[in-house]
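Just below is one structure, and these are the notes that go with it.
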Amino acid sequence: PAMRRSTAIMARDTSPKISVITPTCRAGDFIETTLASVAAQTYRNIEHILIDCVSDDDTLTVIRRYMETDPRIRLWSEPDEGIYDAMNKGMDRCTGDWIYFMGAGDTFFDDRVLNDLFLNGYFGKEQIVYGNVIIRGETPWAKDQTVYDGPFTLEKLFRQNICHQGVFYPRSVIRQIGYYNPTYRVTSDWDYNLRCRARYRFVYADRIIA
């Protein structure tokens, strides 16, 4: 069934902590969009972890400006071996009960996404929660403005991946599954979801996440 729509109710202090992990590399032209989107969530028990590749543009300046007013933002800037290495570093450094990866330039669909998922009970069990995303721009696997991509059976997951911008992982995945394999340069998140599927229940939230 579709999720219940809620008003923008602020989650209780006892709510689970959600770690939003964003790898950045020369993202100065668009990282502010992502920082503002995370900061605008009505669900407040968030930490926003940014793993930077030692960007030589305005990326660090923009992030540090946001850090002045939002103590939930944490930044590491150091050399890495690509996006999946940066995501692994974020997993090492996060402290949340749930882990979510948002790319630089990506945004939540609206300011109630996390609050709606919490109020509908999705963060109450050890399970992997996923929903839909809207594609901006043309890709080899989806067209601009496509809503991607509904419920995934195991057979469907063998054919195509769930967008990582639509997936929430319980913290236990670090212990149970481990980390992304950086030898897969563009498909390590697909490999990770297949490994997760062998151990976890995947639960679909009929909601646009990002």
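Here Arg112 clears all of (1) closer than 28 Å to Leu194 by Cα; (2) open to solvent by 40 Å² or more (accessible area, probe 1.4 Å); (3) among the basic types (Lys, Arg) except the condition numbered (1).
One line per residue, one yes/no per condition, for (1) crowded, with 17+ Cβ neighbours inside 10 Å; (2) within 25 Å of Asn45 (Cβ to Cβ):
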| position | (1), (2) |
| --- | --- |
| Asn132 | yes, yes |
| Phe152 | yes, no |
| Tyr179 | no, yes |
| Trp190 | no, no |
| Arg201 | no, yes |
| Ile208 | no, yes |
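Considering every residue within the stretch 26-35, establish whether at least one is surrounded by fewer than 20 Cβ atoms within 10 Å (Cβ to Cβ), within 18 Å of Gly90 (Cα to Cα) and at pLDDT 95 or above. First the steps, then the outcome.
At the first step, the residues of the stretch 26-35 found to be surrounded by fewer than 20 Cβ atoms within 10 Å (Cβ to Cβ) are 26, 28-30, 32-33.
Next, from what is left, pick out any that are within 18 Å of Gly90 (Cα to Cα): 26.
Those left that are additionally at pLDDT 95 or above: 26.
Yes, that holds for at least one residue.
Okay, residues lined up against (1) within 22 Å of Thr42 (Cβ to Cβ); (2) basic (Lys, Arg); (3) open to solvent by 10 Å² or more (accessible area, probe 1.4 Å):
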site: Met102; (1), (2), (3): yes, no, no
site: Glu126; (1), (2), (3): no, no, yes
site: Thr146; (1), (2), (3): no, no, yes
site: His164; (1), (2), (3): no, no, yes
site: Arg185; (1), (2), (3): no, yes, yes
site: Ala198; (1), (2), (3): no, no, yes
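Please report, ordered by residue number, the strands (runs of 3 or more DSSP E) entirely within the stretch 35-137 with at least 1 residues that are out of contact with any Gly (no Cβ under 9 Å at 6 or more places or on another chain) and among the basic types (Lys, Arg).
Correct list: 73-77.
Just one residue in the set Leu114, Leu119, Leu60 is under 24 Å from Phe202 (Cα atoms), over 17 Å from the mean Cα position of the chain (by Cα) and of a type in the set (A, V, I, L, M, F, W, C); that residue is Leu119.
Looking at Leu60, Leu117, Leu50, just one residue is touching a residue at least 40 places away in the same chain (Cβ under 8 Å) and open to solvent by less than 30 Å² (accessible area, probe 1.4 Å), and that residue is Leu117. One residue alone among Gln165, Gln176 is touching a Lys or Arg at 6+ places or on another chain (Cβ under 8 Å), closer than 24 Å to Arg93 by Cα and of a type outside the set (Asp, Glu), and that residue is Gln176. When residues in the stretch 83-100 are screened for being out of contact with any Ser or Thr (no Cβ under 9 Å at 6 or more places or on another chain) and open to solvent by less than 50 Å² (accessible area, probe 1.4 Å), 3 of them pass.
Looking only at residues in the stretch 179-210 that are among the acidic types (Asp, Glu) and closer than 26 Å to Thr95 by Cβ, which one is farthest from the chain's Cα centre (by Cα)?
First, pick out the residues of the stretch 179-210 that are among the acidic types (Asp, Glu): 189, 191, 206.
Checking the rest, the ones that are also closer than 26 Å to Thr95 by Cβ come to 189, 191.
Working: Asp189: 12, Asp191: 16 Å.
Selected residue: Asp191.
Do we find a residue being touching a Leu at 6+ places or on another chain (Cβ under 9 Å) and at pLDDT 95 or above anywhere in the stretch 6-17? Within the stretch 6-17, not a single residue is touching a Leu at 6+ places or on another chain (Cβ under 9 Å) and at pLDDT 95 or above.
Could you please find all residues in the stretch 137-188 being hydroxyl-bearing (Ser, Thr, Tyr) and either within 20 Å of Arg201 (Cβ to Cβ) or free of Cβ contacts under 8 Å to residues at least 12 places away in the same chain (or both)? Steps first, please.
Just the residues of the stretch 137-188 that are hydroxyl-bearing (Ser, Thr, Tyr), to begin with: 139, 146, 148, 153, 169, 172, 179-180, 183-184, 187-188.
Those that are hydroxyl-bearing (Ser, Thr, Tyr) and either within 20 Å of Arg201 (Cβ to Cβ) or free of Cβ contacts under 8 Å to residues at least 12 places away in the same chain (or both): Thr139, Thr153, Tyr169, Ser172, Thr183.
Looking only at the stretch 149-160, decide whether some residue is touching a strand residue (DSSP E or B) at 6+ places or on another chain (Cβ under 8 Å) and acidic (Asp, Glu). The answer is yes; a qualifying residue exists.
The values are calculated or read from the model by the stated rules, or taken from the named source; none is laboratory data. As the structure is a prediction and not an experimental result, all values here were calculated from the model. Cβ atoms come from the backbone with ideal geometry, glycine included; neighbour counts cover every protein chain shown. Areas reflect the complete protein model, heavy atoms only, side chains present, ligands, DNA and RNA absent. Shrake-Rupley method; radii C 1.70, N 1.55, O 1.52, S 1.80 Å.
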